[in-house]
1. Just need a number here: residues in region 372-406 that are in contact (Cβ under 8 Å) with a residue 40 or more places away in the chain, in a helix (DSSP H, G or I) and over 23 Å from the mean Cα position of the chain (by Cα).
2. Scan 33, 38, 25, 49 and give me the residue that is within 16 Å of the chain's Cα centre (by Cα) and at pLDDT below 80.
3. Which of (1) among the aromatic types (Phe, Trp, Tyr); (2) at pLDDT below 80; (3) open to solvent by 10 Å² or more (accessible area, probe 1.4 Å) does residue 14 not meet, given it meets every other one?
4. I'd like the full set of residues that are touching a Pro at 6+ places or on another chain (Cβ under 7 Å), open to solvent by less than 20 Å² (accessible area, probe 1.4 Å) and in a helix (DSSP H, G or I), limited to region 336-367.
5. Being more than 20 Å from residue 346 (Cα to Cα), under 24 Å from the mean Cα position of the chain (by Cα) and of a type outside the set (Asp, Glu): is that true of residue 58 here?
6. Any chance you could count how many residues in region 312-335 are open to solvent by 30 Å² or more (accessible area, probe 1.4 Å), in contact with a Phe, Trp or Tyr (Cβ under 9 Å, 6 or more places away or on another chain) and either closer than 15 Å to residue 424 by Cβ or in a helix (DSSP H, G or I) (or both)?
7. Looking at region 105-164, which of its residues are buried (at least 17 other Cβ atoms within 10 Å of the Cβ), on the phi < 0 side of the Ramachandran plot and assigned to a loop (DSSP other than H, G, I, E, B)?
8. Looking at (1) modelled with pLDDT of 80 or more; (2) assigned to a helix (DSSP H, G or I), find the lone condition where residue 222 falls short.
Amino acid sequence: MDKYKNLLTNIALFTLNTVSTKLITFFLIPLYTFYLSTREFGITDMALTVVSLVTPIVTVSINDAVVRYIIDDSNNQRKYVTVGFWITLIGCLVTILGLPLLDIPIFGGLGQYKGIFAITFIVVAFQGLFSNAARGLNQTKLFTWVSIISSLITAATAGLAIGPLRLGVYGYFYSMIAGNAVGVVLYLIAGHHYRYISLLTLKNDKRLIKAMLLFAVPMMPNAVFWWVGTSVNRFFITSMLGVSFSGLFAAAGKIPNVMNMLSTTFWQAWSLSAFQEYRKANISMFFTNVFVVFRALSATVGSVIILTSPILAKILLQKGFYDAWTLIPLLVLAFYFNVLSGFYGTVFTASMKTKYLLTTTGAAAVSVVVLTWILVPKFGLQGASAAMAISNLIMLVLRILQAGMIIQIRVNWLLEIGTVLAMLIQVIVMANEVPNFMICSLILCLVVFIFRTFEIIPSIQHLIRKNNKIS
C-alpha cells in the first residue's frame, strides 16, 4: 500500500500547486478578454503556441531526461542537471538566432515583439528545467511553493500592466517574464540548484550524455507532434479566417483547460510514482487501479464542464468573446481523449521506451493537419474543434494498442464506450442548442457519473481488501 500512499501524498502536494496556479491563470481570462482585443489576445496565444513548439526542439526535450535520470541514479544528480543547463542555454541562443522568422505572416504579427518574446522564452525555458530538476530531486514542497509564488507574481503584474497601465500585449509579456524569472531565482537560491550546475565541460561523461540524449531525443519529435495535435490549428485559423478568429478559438479553449488542470496535477505525481515503481511487482495492477480513478475523474469533470459551459462563458468570456461558448463542449471531448492518451504515454516513459511515443503522436499530428485543412473552410471554428477531437481519439486508440505490449492495463470497455457516447451526445446537444438543451445535458451528465461509479467500485473494493489484509 506504500506506493498508493506515496502517490496520494504527491497528488496532494501537486494538487495544491496546480489548483492554485491554474485557478490564478483561469481567473485572469476575464482580464484578458476585457482589456485585450481579439487580435491582441490572438497574438498572446500565438506567443505561447510558439514557445511550446520551439522549446522541445531547441532543448531536445532534455528536461524529460533530467527528471527521469535523477530519479534512477542519485549518485550523478549534479551531472544530469548540468547537462540540462547547458543544453537549455544553447537552445536559448539558437532561438535568438531564429527570431527573424517571427516576421512571417503566419505568426499573426508576433514579429513586432521579437525582443520581449526572446526574454520570455529564456525565463520560461529555465523555469521548466529547474522545476523538472526539483521533481527529480524530490523537492516536491519547493516545487509547489515556487509555482504558487510565480503564478501570483504573474497575476499581479498582469493585473497592473494590462489593466490600469493599458500596456496590452507588452503587459502580457511583462507578467510572463516577472513570474517565471522569480521562479528561476527561487529554485537557484531556495532550492540550491546553483550547486548542481558545473561550469566545467563534461568531456569525461560522454556515455552519460549519450544515454540522456537517447532518452530525450525521441521525446523531442513526440513533443512537436503533440504540439501539432493541440496547437497547429491556430496557424490554419489565422491564415484562413484571421488572427481575431484565432483569438476567439484560444479564449474558448481556456475553459476546457480545466481538464488540463486535473491531468497536470495527476501526471506530475503519477510520473514520479510510475518511474519509482515500474520495476517492482504488480505494476500492471498498480497502473490499472490508478487509471480507473483517473478516467472517472476526467470524464465526470469533463461532462460537468460541458453542462456548465454557457454559464462559465458568461462569467469568463467578456464582450465579443462570449459567442465562442458553443466551441467549448467539443473541445472538452478533445481534451478528454488527450488526457487519457497522456496516461498511456507514461507507460512508454516509465519503461524508457520513448521511441514508441512517436508513432502514436505522429499519427495524431498528421490527422489534425489534414482534418483541420479540410474542415475549417467548411465548418469554421467548429471544424477546428472536430479535427482536434478526432485526431486525439486516433492517438488514444493507437496508444492503447501499443501500451498493451508493455503493460496490461485492464479497462471495462463497455462502460468506457458508453461514457464516450454519452459525452458525444451531450456535445451535440449543447453545441446545437437543441430545445431544452440544458435539461438534456444534465441527464447525460448523470449518465456519465453513473457509468463511472459502476466502473470505479471494483477497484476501490480491491484496495480496501488489500489494506485489511495488511492491517
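The values are calculated or read from the model by the stated rules, or taken from the named source; none is laboratory data. Since this is a predicted model, take the numbers as computed values, not measurements. Positions of Cβ are backbone-derived with ideal geometry, glycine not excepted, and every protein chain shown enters the neighbour counts. Accessible surface areas use protein heavy atoms only, side chains included; no ligands, DNA or RNA. Shrake-Rupley method; radii C 1.70, N 1.55, O 1.52, S 1.80 Å.
1. In the first step, residues of region 372-406 are kept if they are in contact (Cβ under 8 Å) with a residue 40 or more places away in the chain; the result is 372-373, 376-377, 380-382, 384-389, 391-393, 395-396, 399-400, 402-403, 406.
Imposing the further condition that a residue be in a helix (DSSP H, G or I) reduces the set to 372-373, 376-377, 380-382, 384-389, 391-393, 395-396, 399-400, 402-403.
Imposing the further condition that a residue be over 23 Å from the mean Cα position of the chain (by Cα) reduces the set to 373, 376-377, 380.
Within region 372-406, residues that are in contact (Cβ under 8 Å) with a residue 40 or more places away in the chain, in a helix (DSSP H, G or I) and over 23 Å from the mean Cα position of the chain (by Cα) number 4.
2. Values: 33 fails: within 16 Å of the chain's Cα centre (by Cα); 38 fails: within 16 Å of the chain's Cα centre (by Cα); 49 fails: at pLDDT below 80.
Sole residue among the options that is within 16 Å of the chain's Cα centre (by Cα) and at pLDDT below 80: 25.
3. The one condition residue 14 does not meet is (3).
4. Initially, region 336-367 is screened for residues touching a Pro at 6+ places or on another chain (Cβ under 7 Å), giving 354-355, 357-358.
Keeping just the survivors that are open to solvent by less than 20 Å² (accessible area, probe 1.4 Å) gives 354, 357.
The answer is 357, and nothing else.
5. Working: more than 20 Å from residue 346 (Cα to Cα): yes; under 24 Å from the mean Cα position of the chain (by Cα): yes; of a type outside the set (Asp, Glu): yes.
When the stated conditions are applied, residue 58 passes them.
6. Number of matching residues: 3.
7. If the condition is that a residue be buried (at least 17 other Cβ atoms within 10 Å of the Cβ), on the phi < 0 side of the Ramachandran plot and assigned to a loop (DSSP other than H, G, I, E, B), then 137, 139 are the ones that fit.
8. So the condition that residue 222 fails would be (1).
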